[in-house]
1. Only Cα pairs within less than 10 Å get springs; with that Gaussian network setup on chain D, which residue of D:L190, D:L23, D:L155 has the largest fluctuation?
2. Quick one: how many lysine pairs does chain B have with C-alpha atoms less than 25 Å apart and a gap of 8 or more or different chains? Give me the count, please.
3. Just want to confirm a number: the relative contact order over region D:19-67, from Cα pairs under 8 angstrom separated by 6+ residues, in percent.
4. Compute the separation of the alpha-carbon centres of region A:152-208 and region B:72-95 and state it in Å as a whole number.
5. Hey, can you find the accessible area per residue of region B:19-67 for me, probe 1.4 Å, expressed in square angstrom?
6. Starting from the residue with the highest accessible area, list B:E80, B:E184 in decreasing order, probe 1.4 Å.
7. Between chains C and D, what is the buried accessible area in Å², counting both sides, with a 1.4 Å probe and ligands, DNA and RNA left out, to the nearest 100?
8. Take every residue in peptide C:153-159, count the Cβ atoms of other chains within 10 Å of its Cβ, and give the average of those counts.
There are 4 protein chains.
Amino acid sequence: MSSQKSTADATTARSPQRERGRLRVAALMKAASLVFAEKGYEAATMTEIAARAGASIGSLYQFFPSKEALADALLAQYAEQVEAGLGAITAGAAALAAPDLADALIDLLVGLKDERRAVMVLFEARREATAPPSELRDAMRRAIARILALHAPGLPPPRAAAMAVAVLQQMKAAALLSVEPDLESRDEALAELRRMTRLYLAAGLAPA
Amino acid sequence: MSSQKSTADATTARSPQRERGRLRVAALMKAASLVFAEKGYEAATMTEIAARAGASIGSLYQFFPSKEALADALLAQYAEQVEAGLGAITAGAAALAAPDLADALIDLLVGLKDERRAVMVLFEARREATAPPSELRDAMRRAIARILALHAPGLPPPRAAAMAVAVLQQMKAAALLSVEPDLESRDEALAELRRMTRLYLAAGLAPA
Amino acid sequence: MSSQKSTADATTARSPQRERGRLRVAALMKAASLVFAEKGYEAATMTEIAARAGASIGSLYQFFPSKEALADALLAQYAEQVEAGLGAITAGAAALAAPDLADALIDLLVGLKDERRAVMVLFEARREATAPPSELRDAMRRAIARILALHAPGLPPPRAAAMAVAVLQQMKAAALLSVEPDLESRDEALAELRRMTRLYLAAGLAPA
Amino acid sequence: MSSQKSTADATTARSPQRERGRLRVAALMKAASLVFAEKGYEAATMTEIAARAGASIGSLYQFFPSKEALADALLAQYAEQVEAGLGAITAGAAALAAPDLADALIDLLVGLKDERRAVMVLFEARREATAPPSELRDAMRRAIARILALHAPGLPPPRAAAMAVAVLQQMKAAALLSVEPDLESRDEALAELRRMTRLYLAAGLAPA
DNA sequence: GATGAATGAGGTTTCATTCAT
DNA sequence: AATGAATGAAACCTCATTCAT
């Protein structure tokens with residue numbers, strides 16, 4: 001690691017280090033999302049997160065200066081993915097039929113890998129903690145509202161905003177449901193959520 | 001003679017035997033639900049709960065032998081209310097129009113006192129913790145399924161079960177929304193959730 | 001005691017209360033010795049002792065002002081019994097053959113009822129606690145030394161004192177052994193302790 | 001990479017991986033044995049143990065995840081010493097005269113360092129607590145029985161087992177006596193215990 | 001950088017004892 | 001007297017975070 005402290009030939013020498021660091025960080029974040037998902041924010045311990053990533057506690061703190069920072073990093077990572085997904089939907093919103101739009105939205109969160117639950121957990125757990133109460137949620141609501149508006153140009157903005165809240169609930173519910181452990185009829189229930197959302201959008205976005 | 005003959009359980013709440021105790025227990029549960037709602041299960045501290053109830057920590061432990069027992073007691077209390085409510089709806093299910101049924105269900109959780117959020121929090125937070133993963137949730141799902149079946153006799157039971165899961169999600173979402181602090185358009189959003197549920201039930205319960 | 005504060009007709013009126021009190025005290029002491037025996041002094045709780053006696057914690061404190069006082073009372077009770085037993089042996093010491101003397105001594109502690117272990121526990125546990133470190137033990141040692149001296153008049157007093165210490169160990173060991181839970185060969189082991197003590201006294205008390 | 005791959009037990013001691021840790025653990029165990037010896041298992045506090053070792057409470061828990069684990073570690077350490085000693089005696093058992101065997105056994109426990117009392121205390125105090133009620137004691141009994149059998153080949157095994165129990169009592173009594181604080185005639189009493197054991201073995205192990 | 005030990009505030013829980021009814 | 005609730009110091013233990021190697 002500290003192979004050349006004084007030499008200036010940095011770029012080439014550091015490269016493998018940077019690479020190692022990137023891997024470490026990825027492993028740590030992956031481990032963190034698993035542990036947060038399993039235990040919840042408070043009950044998750046930094047020591048366990050480090051251990052699951054095959055790292056030492058010191059190493060974890062080298063990259064994330066606090067538990068909060070770690071959670072924020074995870075949230076930011078998810079926000080990026082989610083916003084990318086919403087962006088994609090936005091692009092195609094006008095062309096989509098309402099039921100397809102419903103499916104696309106529902107699939108967005110469900111499609112996130114096994115870290116799905118972690119986002120939800122952090123979402124909720126850190127609601128009061130953070131100063132701006134969940135920018136992510138607000139951003140998602142706004143993005144969804146925009147999608148709805150694009151899809152149904154006649155929709156009054158306040159109505160779109162209110163509908164977005166309801167749609168986001170469906171998206172979260174679906175994501176949560178899709179990782180719920182012992183539900184024998186998970187798929188059927190998911191299908192119902194989907195059906196409900198389709199109905200809702202079909203009715204709500206129909207041209208007056 | 002003996003102090004606690006029935007419940008020397010150490011995992012369940014001890015019941016008070018004097019008027020004074022009954023008052024204490026009520027105050028403690030009220031305080032607990034506030035603190036749990038504010039902070040979440042893990043972040044809530046027994047010390048704060050006792051203090052908010054104007055009791056000493058020892059007094060709290062006199063009746064609730066552990067934090068877990070306290071949470072369980074709260075959950076049980078809510079379960080009772082909720083089941084009573086579901087019972088009432090069950091009784092009138094057949095006579096209700098689908099949209100009215102939707103409203104009745106949504107109002108059930110929204111109508112619970114200001115401790116509403118506590119139930120939700122405990123619901124989620126203690127999901128993995130408890131051995132039987134939320135009997136309450138299963139009971140609610142079953143009760144809702146039964147209501148749907150009563151309302152639409154032709155509904156196949158598996159379908160009713162899957163729909164119940166979806167409906168319960170709406171009920172919870174509405175309850176959470178109704179106590180969310182800084183949402184300017186709370187009422188509009190609630191109205192949307194309501195509309196969605198009405199649509200869903202109207203479509204799903206219609207005689208084929 | 002303070003049943004009638006003003007009336008003077010005390011003797012007849014108080015009698016049943018006194019009787020009740022005596023029974024209570026007996027039950028409490030019995031329960032205490034069981035709990036101390038099972039859990040040890042520190043781990044025994046006043047609440048459990050009261051409960052086992054079918055009394056309330058308040059009632060226990062009515063008769064014994066502290067845990068220490070309760071232990072002392074038990075110890076005193078045992079001291080009385082033991083001293084009575086030693087007195088009886090003293091009376092017959094001169095007439096007994098050495099092996100019979102050994103048996104009599106060993107039987108003394110073994111013969112105490114199921115509270116045997118409690119004495120030992122309190123003996124040990126409160127060694128450092130009490131100001132005069134175990135008067136009971138010293139008294140027993142002196143009494144045994146006296147018995148040995150009576151039995152073997154030529155024995156020099158310091159020798160008798162040293163032997164008494166050794167003999168008391170055998171007595172305690174036998175008592176402990178006789179209540180040890182899962183020892184398949186309890187009786188054989190007890191017989192060996194007995195044999196050892198007989199040999200020892202036979203050799204040590206033989207006229208030079 | 002991972003910190004503790006082998007022992008994430010939470011019931012057993014974690015082993016230090018650095019020189020500093022090794023020193024700490026040694027200091028902690030030393031302090032623990034002193035405090036246990038002075039106060040007994042229950043009355044000893046983890047805080048005092050840490051303080052006496054010049055460590056913080058967190059440091060103590062870093063290596064011993066519970067008070068019980070600490071006691072077990074001490075016991076295991078002593079078990080090792082004791083078993084080594086018994087092994088040595090076993091090796092020479094056949095060549096020893098009975099009185100010398102008696103002395104060797106008595107000296108075994110008496111010769112352990114000043115923490116002797118701690119073993120005894122933990123021995124007794126944690127008898128009921130531990131699931132396998134003192135494997136150490138059983139191991140010692142078996143080892144002593146084997147020594148006796150080696151010494152007197154004609155001895156029936158059950159007899160050897162029973163004698164071993166009696167001999168172990170003498171060993172413990174001697175160890176306890178040798179650290180008893182205020183006994184003016186400690187040495188004389190110890191000599192008597194020794195004499196008794198010699199007599200017993202001489203008689204019991206003599207060829208019929 | 002990486003590792004594992006160190007720290008200590010703070011959380012849960014226990015229990016002897018006191019008090020009000 | 002008797003009961004059961006009240007009290008709070010103090011015990012055990014956890015864990016985010018910092019530090020030395």
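The values are calculated or read from the model by the stated rules, or taken from the named source; none is laboratory data. The model shown is predicted, which means the values in this text are computed figures rather than measured ones. All Cβ positions, even for glycine, are placed from backbone atoms using ideal geometry, and neighbour counts span all protein chains on display. Side chains included, ligands, DNA and RNA excluded: accessible areas come from the protein's heavy atoms. Shrake-Rupley method; radii C 1.70, N 1.55, O 1.52, S 1.80 Å.
1. Judging by the Gaussian network model, the answer is D:L23.
2. Lysine pairs meeting both conditions in chain B amount to 11.
3. 36
4. The two parts, judged by their Cα centres, are 26 Å apart.
5. 48
6. Result, largest first: B:E184, B:E80.
7. Looking at C and D, the buried total is near 2800 Å².
8. 1
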